[in-house]
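The values are calculated or read from the model by the stated rules, or taken from the named source; none is laboratory data. Computed from a predicted model, the values in this text were never measured in an experiment. Here the Cβ positions follow ideal geometry from the backbone for every residue, glycine too, while neighbour counts run over all protein chains shown. Quick note on the areas: whole protein, heavy atoms, side chains included, nothing else; ligands and nucleic acids left out. Shrake-Rupley method; radii C 1.70, N 1.55, O 1.52, S 1.80 Å.
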Amino acid sequence: MDVRRRGAVVEALAPAKVNLFLEVLSRRADGFHEIETLMTPISLYDHVSLTANSTGILSLTCRWTHGVESHRIGRGAARGGFWETLPPPEDNLALRGAALLRGLAGVRSGADVVLIKRIPAAAGLGGASSDAAAVLMAANVAWQLGWTRRQLAEVGAQLGSDVPFFFHGRACLCRGRGERIEAVDGLARLHLVVVRPPGGLATAAVYRQCVPAVRPRRPDELLNAARAGDATQVGRWLFNRLEEPAARLSLWIARVRTAIQRLDCLGCQMSGSGTSFVAVCRHARHARRVAASLRASGLTAAYAVTTCQRAVAND
């Protein structure tokens, strides 16, 4: 995650993520699920700008990027948009993160945050969690706190299970609720297409429909293929235990899978708890062609992206 200061303004790019592997191991006593997942950041970004102020007030301006219509899911298919109305600032995870950090650090300054969104919401792409991580990093710089990434990740864990992942800047195996994170190095860059159909799913609803694995799958074959740069085998070993229950809740899951499978991709699966899909492509030109074909078919939110793999110190 890149953070830069431009005068008084601190800017950060907040990447989306996709799950290349997701197994549900068991239901925990606290009501959550024990999982094992391989997540990687991708080159689809929200943009955060944060400016410290002396008023002590935290403010957030949040909008979709230029050219994206903010239509509600459900009406979007008829009007050419796939975009939800954004929540009010007080419900935004990024602003909650800034408030939490300010309280923990004893900061009296406030901040004006501008969040320009491109990552589809309610999609299994981690947009809200990434935005929260980006704001924590930007506020750390703007308020001159000097906190380490590790410390900021601990703050992020109080906001949501996925937030700490975004401080690593590369693919990670995540276990527990997703909070136990092991960075994975040596993975080759993959050319992907990410598709968000006009209908989202609530994470809790998908997990309620999920039956944990009796014989859990392992990500070993997928990791070996990714390290070898074998995109064909990566496509073969994609797996997401949540796709089947999600398909019972949304007809879009089967529709998107069928649309992608007609386009000669190496493999595809749902990302996270859905409803977005990720497809593995042969090269950048193939990914652009697949994304264009999906957009022409009416799936407006289709992006040709790559995986991101950066060595980032946590201290």
Exercise. If you keep only loop residues by DSSP, which GluC sites (Glu not before Pro) in region 145-185 have at most 13 other Cβ atoms within 10 Å of their Cβ?
Worked result: none
Problem set entry | Highest-first arrangement of 292-299, 18-25, 120-127, 208-215, where packing means the average Cβ count within 10 Å | 120-127, 18-25, 292-299, 208-215
Problem set entry | Net charge, Val195 excluded, C-beta distance under 12 Å - Lys, Arg +1, Asp, Glu -1 | +4
For this session: With both partners inside the chain, how many of the DSSP beta bridges are antiparallel, as a percent to the nearest 5?
Result: 85 percent
For this session: Would you work out what percent of the accessible area of the chain, with all protein chains in place, is carbon or sulfur (probe 1.4 Å)?
Result: 48 percent
Problem set entry | Shape call, region 139-252: gyration tensor on alpha carbons, a/c limit 1.5 | oblate
Problem set entry | Within the chain, helix-based [θ] at 222 nm, where runs of 4 or more DSSP H residues each add -39,500 (n - 2.57), nearest 500 | -8500 deg cm²/dmol
For this session: Quick one: grab the alpha carbon gyration tensor of region 82-137, order the square roots of its eigenvalues as a ≥ b ≥ c, and give me rounded if a/c is under 1.5, else prolate or oblate depending on whether a/b is larger than b/c.
Result: prolate
Seminar exercise, completed: Note on the chain: helices (DSSP H) long enough, at least 20 Å by alpha carbon along their axis, and hydrophobic enough, mean Kyte-Doolittle at least -0.5, are 127-142
Exercise. Length gain on complete extension for the stretch Val114 to Ser26, per 0.36 nm per residue less the alpha carbon to alpha carbon distance?
Worked result: 27.8 nm
For this session: With a probe of 1.4 Å, find how much accessible area the chain has per residue, and write the answer as a whole number in Å².
Result: 44 Å²
For this session: Output the direction-averaged projected area (hull surface divided by four) of the convex hull of the alpha-carbon atoms of region 191-315, in nm².
Result: 9.1 nm²
Exercise. Can you give me the relative contact order of the chain as a percent, contacts being Cα pairs under 8 Å and 6 or more apart?
Worked result: 23 percent
Problem set entry | Low-density loop positions, trypsin sites (Lys or Arg not before Pro), region 246-275 - DSSP coil, at most 12 other Cβ in 10 Å | Arg262
Seminar exercise, completed: GNM of the chain, Cα pairs under 10 angstrom: of Ala204, Ala171, Ala14, the biggest fluctuation goes to Ala204
